[in-house]
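**Student:** Below are the structure tokens for one structure; questions will follow.
The values are calculated or read from the model by the stated rules, or taken from the named source; none is laboratory data. This is a predicted model, so every value here is computed, not measured. Neighbour counts run over all protein chains shown; Cβ positions are idealised from the backbone, glycine included. Just so you know, the surface numbers come from the protein's heavy atoms only, side chains and all, with ligands and any DNA or RNA stripped out. Shrake-Rupley method; radii C 1.70, N 1.55, O 1.52, S 1.80 Å.
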Amino acid sequence: MTSAPGDPETLYVVERGGAIRIVRAGKIAGTFLDIHSIVKSGGEQGLLSMAFSPHYESNHLFYVSYTDVHGNSRIARYTASQGVGVRSSGRILLALHQPYPNHNGGQLQFDKRGYLYIGFGDGGSGGDPNQNAQNMHARLGKLLRAKEKTPGHSWKIVGLGLRNPWRFSFDPANDNLWIGDVGQNTFEEVDFRAAAKLDKLANYGWSRYEGYSVFDSSHRYAKAGHKVKPVIVYSHAHGCSISGGYVYRGAAVRAARGRYFYGDYCQGTIWSFRVGKHGRASAAAVSGNVPSLSSFGVDGHGELYAVSLGGTLYKLR
């Protein structure tokens, strides 16, 4: 779920099946884009994310991430006209073969400088059998950034060692990066990268490490990149699949300002902790529950929402 620059009251909700719904005042007000005929949907595949250009008010461009009918990842640019996306305007900017139907990642986000990022999982199956995450010649298991502020076909690896960075975000106050990386059988993790270090390659450890623990000592651990450990880890006694969220900078709930919210798909538990200059600055506290929690989003006022695969949109109050 997201909002468009210049229109803080309207919400845009991505549906896995291939549609983007327009929501106003808590009700579906229309369809912004429907590309279900070119999307393979089910499990971890589908229409996975969208992001509006920071200059959307003038250029009317937006970007989508989806699984095509052959099961491969696609990043495409579209143009909007008269308040809706023009289906025929789609242009593929990045195509990536997916060897398995899981760990597609798919989150799109712009940082404050205007660069577009995309997160990809390690290719799927389990245990990174092809050891993609630590392979700098593969784009799987990576965080990529467009090389130009007008995204084209050139992308740079800025993070490796990710298993499935299903949801990541930038703190609107300082551009710090927060990643919820889905674990294997034991641990889920939240990773942090300060804005000042975004231009330097980071290695988040998978598949040598899962959380703080060695996962497979026989797997390569690339020399490339600064080694980054999670700021928080939780075991599968408390869930099984993390959905990364956002640092809350809204005005509606003063006590929540400056806290990072994240949750677990399996249990529906939402936690939050206070953030600081170097990452997490407090213990995590339970902050709610949303059944089948799949994602988070913020509106144009910085207010926080949670998205459920059950079809309900929740707002922090």
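**Student:** Between Ala255 and Ser308, take the C-beta separation as r, use R0 = 22 Å, and let me know the FRET efficiency to the nearest 0.05. Walk me through the numbers before you get to the answer.
**Tutor:** Numbers: r = 24 Å, r/R0 = 1.08.
Efficiency, from the Cβ-Cβ distance: 0.40.
**Student:** Step by step: find N for the range 178-316, compute 2.2 N^0.38 Å, then divide the Cα radius of gyration by it. What's the final number?
**Tutor:** Computed over Cα atoms of the range 178-316, the ratio equals 1.08.
**Student:** In Å², and per residue, what accessible area does the chain have when probed at 1.4 Å with the other protein chains present? Let's see the in-between values first.
**Tutor:** On the way: 13340 Å² over 317 residues.
That works out to 42 Å² per residue.
**Student:** For Lys197, list the lysines whose Cα falls under 26 Å from its own Cα; do not include residues on the same chain fewer than 8 positions away.
**Tutor:** Lys112, Lys142, Lys147, Lys149, Lys156, Lys223, Lys227, Lys229, Lys277
**Student:** State the answer as a single residue: which of Leu201, Val39, Tyr100 lies farthest towards the positive end of the charge dipole of the chain, with beta carbon charges of +1 for Lys and Arg and -1 for Asp and Glu, about the Cα centre.
**Tutor:** Leu201
**Student:** Put +1 on the Cβ of every Lys and Arg and -1 on every Asp and Glu Cβ in the range 231-317; which of His236, Leu309, Val247 then has its Cα farthest towards the positive end of the dipole?
**Tutor:** It is Val247, whose Cα lies furthest towards the positive end.
**Student:** With semi-axes √(5λ) of the Cα gyration tensor in Å in mind, check (1) 32, 21, 19; (2) 43, 20, 16; (3) 27, 23, 19 and report the label derived from this structure.
**Tutor:** Label of the calculated value: (3).
**Student:** If you place +1 on the Cβ of every Lys and Arg and -1 on the Cβ of every Asp and Glu, how big does the dipole about the Cα centre of the range 1-87 come out, in debye to the nearest 20?
**Tutor:** Working: 8 positive and 7 negative charges, 32 e Å.
The calculation lands at about 160 debye.
**Student:** Which percent, to the nearest 5, of DSSP beta bridges fully inside the chain are antiparallel?
**Tutor:** Roughly 95 percent of the DSSP beta bridges within the chain come out antiparallel.
**Student:** In addition: Per 0.36 nm of contour for each residue apart, how much would the distance between Cys266 and Ala25 grow if the chain were fully extended, relative to their Cα-Cα spacing?
**Tutor:** The span from Cys266 to Ala25 would gain 83.9 nm if fully extended.
**Student:** Right, another one. List the aspartates and glutamates whose Cα lies under 13 Å from the Cα of Lys40, skipping any in the same chain that are fewer than 8 positions away.
**Tutor:** Straight-distance partners of Lys40: Glu15, Asp68.
**Student:** Which ³J(HN,Hα) values in Hz, rounded to whole numbers, follow from the phi angles of the range 239-246 under the Karplus curve 6.51 cos²θ - 1.76 cosθ + 1.60, where θ = phi - 60° and Gly and Pro get x?
**Tutor:** Along the range 239-246, the couplings run x, 8, 7, 6, 10, x, x, 9 Hz.
**Student:** For the range 91-227, what proportion of DSSP beta bridges, expressed in % and rounded to the nearest 5, is antiparallel?
**Tutor:** Counting DSSP beta bridges with both partners in the range 91-227, the antiparallel share is about 85 percent.
**Student:** Right, something else. Could you size up the charge dipole of the range 49-178 around its Cα centre, putting +1 on the beta carbon of Lys and Arg and -1 on that of Asp and Glu, and report it in debye to the nearest 20?
**Tutor:** On the way: 14 positive and 8 negative charges, 50 e Å.
For the range 49-178, the charge dipole is close to 240 debye.
**Student:** Another one. Mean-square fluctuation check for the chain, GNM, Cα pairs under 10 Å: which of Lys197, Lys40, Lys142 is largest?
**Tutor:** Highest fluctuation of the listed residues: Lys197.
**Student:** Also, I was wondering about something else. Rounded to the nearest 0.05, what FRET efficiency is calculated for Ser58 and Val286 with R0 set to 51 Å and r the Cβ-Cβ distance?
**Tutor:** Once rounded, the FRET efficiency stands at 0.75.
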